[in-house]
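Comments concern the structure below.
The values are calculated or read from the model by the stated rules, or taken from the named source; none is laboratory data. Please read all numbers here as calculations on a predicted model, not as lab measurements. All Cβ positions, even for glycine, are placed from backbone atoms using ideal geometry, and neighbour counts span all protein chains on display. What goes into the accessible areas is simple: the full protein's heavy atoms, side chains included, and nothing from ligands, DNA or RNA. Shrake-Rupley method; radii C 1.70, N 1.55, O 1.52, S 1.80 Å.
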Amino acid sequence: MSKQNNEILERLAKLFESVFENEVDISSLSTESRLIEDLGMNSIGLLYMAMAVEEEFGVRFTNDDFLTLKTVGDVINKIGA
């Protein structure tokens with residue numbers, strides 16, 4: 001993983017911790033972590049995550065993004081795009 005991606009992952013961990021207030025298990029957060037299955041996000045959680053990431057990183061999610069974003073790595077790729 002590149003240094004930039006590592007930095008994004010660290011920022012995402014802090015962001016998720018802040019947004020979800022321990023409702024999402026970020027203890028073993030990695031690029032392979034699945035948003036729903038591993039982190040326990042539901043549809044509302046995904047929306048909160050998207051809004052927080054948009055604000056923090058200045059990216060915009062489309063409706064199509066929600067069909068393709070499955071892992072933390074997918075979110076990192078969207079941020080880096």
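Looking for whichever is surrounded by 15 or more Cβ atoms within 10 Å (Cβ to Cβ), out of contact with any Lys or Arg (no Cβ under 9 Å at 6 or more places or on another chain) and either part of a helix (DSSP H, G or I) or at pLDDT below 85 (or both) here; the options are K78, K14. Which one fits? Please lay out each step first, then the result.
Details: K14 fails: surrounded by 15 or more Cβ atoms within 10 Å (Cβ to Cβ).
The match here is K78.
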Exercise. So V19 fits all but one of (1) modelled with pLDDT of 90 or more; (2) part of a helix (DSSP H, G or I); (3) hydrophobic (A, V, I, L, M, F, W, C); what number is the exception?
Worked result: (1)
Seminar exercise, completed: The correct count of residues that are open to solvent by 30 Å² or more (accessible area, probe 1.4 Å) and touching a residue at least 24 places away in the same chain (Cβ under 8 Å) in the stretch 1-11 is 4
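Taking the condition over 21 Å from L67 (Cα atoms) and among the aromatic types (F, W, Y), does F20 pass?
Values: over 21 Å from L67 (Cα atoms): yes; among the aromatic types (F, W, Y): yes.
When the stated conditions are applied, F20 passes them.
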Exercise. Out of all the residues in the stretch 26-65, which are over 14 Å from L9 (Cα atoms), more than 11 Å from the chain's Cα centre (by Cα) and exposed (fewer than 14 other Cβ atoms within 10 Å of the Cβ)?
Worked result: E37, G40, N42, S43, I44, E55, G58, R60, T62, N63, D64
